[in-house]
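The values are calculated or read from the model by the stated rules, or taken from the named source; none is laboratory data. Remember, predicted model here, so these are calculated numbers, not experimental data. Counting neighbours? That spans all protein chains shown, and the Cβs are built from the backbone with ideal geometry, glycine included.
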Amino acid sequence: MFDLFLSFILAIIQGLTEFLPISSSAHLLLPSLLFGLKDLGLSYDIAVHAGTLVAVIYFFKSEIILMTKSFYVNNNDLNKYKTLAMCLIAATIPIVLVGFSASDLLNQRIFGIQSIALVNIIFAGILLLAFLKREEKKDLYQLSLYGALFIGIFQCFALIPGASRSGTAITAALLIGMNIKDATKFSFMLGIPTILGALVLLLIDIQKLGIAFNITYLIVGFLVSMIFAFLTIKLFLAFVEKIGMLPFIVYRLFLGLFLLLII
């Protein structure tokens, strides 16, 4: 019964933190640090990643349909969606290349709690600088392939636990002059191929290891992470222009300091 409750709590954490610029890896440490709770395993990781993936695909289903349509329908009105699709592809390439080339290093788990806390603080500071210096000259459909590639390269830092995938992508988008709402939107859409890639790697790993799983925990993890991820995306995009990045930056700084104090 307790493991069922744990699967519910961890799914909420995954759903909330996957798309907010606050580092999901830092938050997923907290249950074990504070309460000594166990890891539910690789199969559970797959379930919650699948849940967040379904949530983001469903939220952006209209844009995905138009981007797909732009490749086989000759219509000038769809050109901006074709450009957006190409930008998402360009921004995905760097993390795929770096992720595969550095996979052995990443699998060694060389990053401990202290390094995750420090990385969290450092990248919160970089996001703060990008937010304060933002110019907001470009919208989502004015993004160039070079700009998308820069975002993709910067997103590679998210392979370091504590950096935050959405946080690095939003930071890079702000640095090249995108407005805050579209920077966030691009970051969320960029999560689709990134999470999909991570999911494929997890599935490969679990197939090699032949790990047993509890179907109830997986269903709970999938559904809860999906619901909370969808709500997070919807609410954050609705209010990001009003609330900005400062609350999340301050929160990340305090979280990093908290982790340093309790280890």
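A few notes on this one:
- Residue match in region 213-229 (condition: in a loop (DSSP other than H, G, I, E, B), in contact with a helix residue (DSSP H, G or I) (Cβ under 9 Å, 6 or more places away or on another chain) and at pLDDT below 95): yes
- Neighbours by Cβ (under 8 Å, 6+ apart or cross-chain): first from region 220-243, touching a residue at least 12 places away in the same chain (Cβ under 8 Å); second outside any helix (DSSP H, G or I) and of a type in the set (Phe, Trp, Tyr): Ala229/Phe19; Thr232/Phe19; Ile233/Phe19; Phe236/Phe19
- Flag for Ile233 being at pLDDT 95 or above, of a type in the set (Val, Ile, Thr) and either under 27 Å from Leu6 (Cα atoms) or not in a helix (DSSP H, G or I) (or both): yes
- Any hit, region 74-86, residues being at pLDDT 85 or above, of a type in the set (Gly, Ala, Ser) and either closer than 18 Å to Tyr141 by Cβ or touching a Cys at 6+ places or on another chain (Cβ under 6 Å) (or both): yes
- Each residue in region 161-187 was checked for being surrounded by fewer than 20 Cβ atoms within 10 Å (Cβ to Cβ) and under 22 Å from Gly197 (Cα atoms), and 0 of them qualify.
- Among the residues of region 173-207, the ones that are more than 14 Å from the chain's Cα centre (by Cα) and at pLDDT 85 or above come to 10 in all.
- Helices (runs of 4 or more DSSP H) (entirely within region 42-152) containing at least 3 residues that are over 21 Å from the mean Cα position of the chain (by Cα) and surrounded by 17 or more Cβ atoms within 10 Å (Cβ to Cβ): 79-101
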